[in-house]
Structure formats: structure tokens, C-alpha cells
1. Once a ≥ b ≥ c are taken as the square roots of the eigenvalues of the Cα gyration tensor of the chain, is the result rounded (a/c under 1.5), prolate (a/b larger than b/c) or oblate (a/b not larger than b/c)?
2. Where does the chain land at 222 nm, in deg cm²/dmol rounded to the nearest 500, when only DSSP H runs of n ≥ 4 count, each adding -39500 (n - 2.57), divided by all residues?
3. Could you tell me how far the Cα centroid of region 146-223 sits from the Cα centroid of region 1-61, in Å?
4. Could you size up the charge dipole of region 36-177 around its Cα centre, putting +1 on the beta carbon of Lys and Arg and -1 on that of Asp and Glu, and report it in debye to the nearest 20?
5. Taking square-rooted eigenvalues a ≥ b ≥ c of the alpha carbon gyration tensor, is region 156-218 rounded, prolate or oblate, where a/c under 1.5 means rounded and, failing that, a/b exceeding b/c means prolate?
6. By average Cβ neighbour count within 10 Å, what is the ranking of 69-75, 151-157 from highest down?
7. Where is the GNM fluctuation largest for the chain (alpha-carbon springs, 10 angstrom cutoff): GLY36, GLY217, GLY147?
8. Of the accessible area of the chain, with the probe set at 1.4 angstrom, what percent is carbon plus sulfur?
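The values are calculated or read from the model by the stated rules, or taken from the named source; none is laboratory data. As the structure is a prediction and not an experimental result, all values here were calculated from the model. When we count neighbours, we look across all protein chains shown, and the Cβ atoms used for this are built from the backbone with ideal geometry, even at glycine. Quick note on the areas: whole protein, heavy atoms, side chains included, nothing else; ligands and nucleic acids left out. Shrake-Rupley method; radii C 1.70, N 1.55, O 1.52, S 1.80 Å.
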Amino acid sequence: MIVARTLPDLRAACAALRRTHDAIGLVPTMGALHEGHRSLVRHAVASGAATVASIFVNPLQFAANEDLGRYPRDEAGDLAALEDEGCAVAWLPDVATMYPPDATTTISLEGPALRWEGDARPGHFRGVATVCAKLFGQVRADRAYFGEKDWQQLQVIRRMVADLLLPLEIVPVETVREADGLAMSSRNRFLSEEERRRAPRLFAVLQACAGDLAGGGAAAPVLARGEAQLRAEGFAPDYLALVDGPSLAPISAAAPGARLIAAARLGSVRLLDNVGVPPRA
Ligand code: PAF
């Protein structure tokens, strides 16, 4: 595996990959890789694409009061994991490469970026979309792989790619869960033992609500019960909402493509999860 840390090195590595492969698959990450990231890389490699994974903790997607400083970093472990999964190039740019001091352009979003994480983390999706657009251009990827765990992020990126006519395909990959159902996330490591025991209840409540909503009845009472249950289990829910999957617009009853999304704080950790409605096996 080639480790590229400068744009000229990345360009040389990608040019070589293009001579031997029909397609380049990009897996954008912020490092601290877990099974969820590994699954993205495996999907890219299995598709036959030469796989490039980026590791960049993107300051633009963190607000001033957020956890940029304590975001977990493990470069040696990450590189070993990428190599193990058959990644061809690891792209590790520095902040000056991604955000040169004279840069003035960022991406402004509406549609699926409004509400939910868009409200809870103002500016977050501007940061995500801007860095992803830059990574897509740097790697000139044919496909990029995103986990369904961050459902809203996936829809924001899909919308951006469609709206800006970017020449790549966005490939969604199913959420990878611990044996007890907790969605994998780099931030799970900050849960105390007691919080870790409770954390899978978020997925359990989502599944139960999705089951209740699948019949097509009114969403409001089901969501109110779900929120109350989360509070009773020690979570501080930010939202539990039934939305149209692609647009993230709230809907009042299940419909084709509906998604149940939630964000809830457990101690100092904000957990995100989502399920399809009716629930997929
Ligand atoms: O999901 C993430 O890890 C980040 O938001 C991403 C897509 C790598 C952009 O920084």
C-alpha cells in the first residue's frame, strides 16, 4: 500500500492505479478505523476498483464547541487496517493541503442538509460536503463509499453529487453493528462501561418503533413513546423522527423509502442511528 501525504504523491499513485484498473473507489474517513470503515474498504475492493482511503480529521465540519481536539487518532493502527483490507493507497493530507490559506470556496447546502444534524451542528454539512468535494477531485474517484450509519450525511453527499453533476457514483454501505446491535462509531470508545451496556437500547427502541410504524398508522404517538422510552433508559434524545429517506423531510406516517432517524446523548457521547421502515432484516 502506498501512503501519500502530498498532492503530487497522490496524483502519481492514482495515475499508476488508472493504468492497471478500470475504476478507482474512494473511502473517505477521519481515521480511528473500526469494522464499519473496514466494511467500506471491503466493498470497494470487492467491486474490483483500486481503492484509495483518505484519513483526514476535517476541522471544517466541527463547530468551535465540538470535539475536534479529542477526536481519536491512531495512524499506525489505521494504516495497518487499510493494508489488511487490500487498500491500494492511503491518502493523508494535511490541513494546509485541504484548506490553503487563500481558499475562499465552500459548499452551501439546503434540502437534506436542513434539520436534524443540520440544526444540531450548524455548519457541519458545509464542512462535510466541502471536504468530500475536494477529496473527489483530488482522487478523481469513479465511486465513493459511505456508510448508512450517517444517513443524513449520505443523502447530503448524494444530493451534492447530483446537483453539481460530479462524475462519480455514491455507493451506500449497510451499517455495521456490534453483536448487541450498537452501530459502530469511532466515538463509542468514549462510552463508560455502564453507558456501553445501555447504548444498544437506542437501536432496540428504533427497531421497536419501526415495527409499530410499519402498519402505516400515525407516527406522532409512536415517536413520543419511543422518546419517553429513551429518556427512561438514561438517554437525552435530540430527535427521534420519521422522515422521507432521500429528502430527510419529516413525514406523518410510514411510506415507501421512509427512514426512522435518531440522535441521543448518553453521558458525553452523542449517538446516531437509523433504520428503514418497515425494518429490513
Ligand atoms: O463520516 C466521516 O467520517 C466524515 O464525515 C467524512 C465523510 C470522512 C468527511 O470528513
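1. Taking the square roots of the gyration eigenvalues as a ≥ b ≥ c, the chain is prolate.
2. Calculated at 222 nm, the ellipticity per residue is -11500 deg cm²/dmol.
3. Taking the Cα centre of each part, region 1-61 and region 146-223 sit 23 Å apart.
4. With Lys and Arg at +1 and Asp and Glu at -1, about 260 debye.
5. Oblate, because a/c is 1.5 or more while a/b does not exceed b/c.
6. Ranking, from highest mean packing down: 151-157, 69-75.
7. Comparing GLY36, GLY217, GLY147 in the GNM, the peak value goes to GLY217.
8. The value for the chain is 53 percent carbon and sulfur by accessible area.
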